[in-house]
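Since the structure comes first, as structure tokens, the remarks are kept for the end.
Every read-out reported here was derived from the displayed coordinates using simple, explicitly stated rules and does not represent laboratory data. The shown structure was predicted, so the numbers you read here are calculated from the model rather than taken from an experiment. Ideal geometry is used to build each Cβ from the backbone, glycine not excepted, and the neighbour counts take in all protein chains shown.
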């Protein structure tokens, strides 16, 4: 989805956390926010036991370059202790991926603030019955320091990078090799521009070794880095000082390649380190 950065309008994802006991539609909030120059997207987010809530939320937020996330809280939802615990857990687990200052706001529908669990009230909670809720939300989106995206480079390199031109003796191939500076990594992820000509990736012996065709727990997804659509992918084959992760390109590599660690076999990458092949 195209970013709306050039307009100066903040982008917000509104999700209704749905449970079986109720069926509501809060899509009308999108037009109300459009009147105050907020570009909002609404969706009903059903709680599903087979996929952790935080993983679904993080992937959606990273894939669409949102400035904030608003979740509708109803009396029925908060009365369900299991659902409330799942939301609280999801917010805690999301922070390493989206940053502690990412705007997350609870929108209260038919719920008094005193009935909201204290841990959720640590973040803004706005009553939809308050005539000024839209303007309070705009203030929350605009009056904060923009968070660093997970793709932002850290000052201290965490990984060892090597570029192998003529990889495997083939002048048409370029391989990027990445390994940990210390210890080992079980779940790792590359992220590259979607237009990149990626022809092979996986784990191989450090120092330009051949890539094994065997991959465990392959994970894939998509997201944004600055103005580029990126694809991320990785596996659960551990890497260490003797085994590295590789991605191979046909011809010259893309302008940048990102690498990071995931917290689970199928989870998205956390904060990523970037190798720029073309100076900014």
Exercise for review: Restricting things to alpha carbons, tell me how big the chain is in terms of Rg and Dmax, in Å.
Suggested key: 21.1, 68
Check your understanding: So for the chain: antiparallel DSSP bridges make up what percent, rounded to the nearest 5?
Key -> 65
Review point. If the chain between residue 161 and residue 242 were fully stretched, how many nm would it gain, using 0.36 nm times the residue separation less the Cα-Cα distance?
Key: 27.8 nm
**Study point:** Folded to 0 to 90 degrees: helix 53-64 orientation relative to the chain principal axis, Cα
**Key:** 70
Point to revise | For the chain, built as a Gaussian network whose Cα springs stay under 10 Å, the top-fluctuating residue of 135, 233, 77 | key: 135
Review point. What angle do you read, to the nearest 10 degrees and between 0 and 90, between the alpha-carbon axis of helix 133-142 and the longest principal axis of the chain?
Key: 30
Point to revise | Förster-model FRET efficiency, 51 Å R0, residue 194 and residue 130, C-beta, rounded to 0.05 | key: 0.75
Check your understanding: By per-residue mean of other Cβ atoms within 10 Å, what is the highest-first order of 207-214, 268-275?
Key -> 268-275, 207-214
Exercise for review: Work out the P(r) tail for the stretch 159-276: percent of alpha carbon pairs separated by more than 25 Å, whole number.
Suggested key: 13
Practice item. Take the Cα atoms of the stretch 5-142, build their convex hull, and give its volume per residue in Å³. Key: 104
Study note, to complete from the structure: Cβ density ranking, 10 Å radius, fewest first, applied to 115, 164 yields 115, 164
Practice item. State the extension gain, in nm to one decimal, for the chain segment bounded by residue 182 and residue 39, taking 0.36 nm per residue of separation less the distance between their alpha-carbons. Key: 47.2 nm
